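First up is the structure itself, then whatever we jot down about it.
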Amino acid sequence: MVNGLNYELYTVPKCDGCEVVKSYLNEKKVSYGVFDLRNPEDKKVFGKIYSQVDGKVKKNVQNQTILPLLVGIKDSKVEQIAQGIDEVKNLFN
């Protein structure tokens, strides 16, 4: 927990940007859960917060959420959203 928030990182396998964000978060000693959106159980977790992030996140031409996606959650409410290393760095600098 950082800044009173629990962080969740949504990723997919073989995602270079996801690995960069993981390394950065580890370097900054930010605790976070990792959710692989190719895993059905992890996809269910994302489904629970999707209504809170839809319309606030960048999507590709196939209308898929661009990953990695880091969300900061407090009391089941999404308080922060960051996509990609630059946005993640802005949260922790």
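Points worth noting:
- Apportionment of accessible area to carbon and sulfur, the chain, percent (1.4 Å): 47 percent
- Accessible surface, the chain, averaged per residue in Å² (probe 1.4 Å): 62 Å²
- DSSP bridge orientation in the chain - percent antiparallel, rounded to nearest 5: 70 percent
- 18 Å Cα-Cα reach of Lys22 towards lysines, excluding residues that sit fewer than 8 places from it in its own chain: Lys14, Lys89
- Among (i) 21, 18, 11; (ii) 18, 16, 13; (iii) 24, 15, 12, the entry derived from the coordinates for semi-axes √(5λ) of the Cα gyration tensor in Å: (ii)
- Estimated from helical segments only, the mean residue ellipticity of the chain at 222 nm is -11500 deg cm²/dmol, where each DSSP H run of four or more residues counts as -39500 (n - 2.57).
The values are calculated or read from the model by the stated rules, or taken from the named source; none is laboratory data. These numbers come from a predicted model, not from an experiment. Note: areas computed on protein heavy atoms with side chains; ligands, DNA, RNA excluded. Shrake-Rupley method; radii C 1.70, N 1.55, O 1.52, S 1.80 Å.
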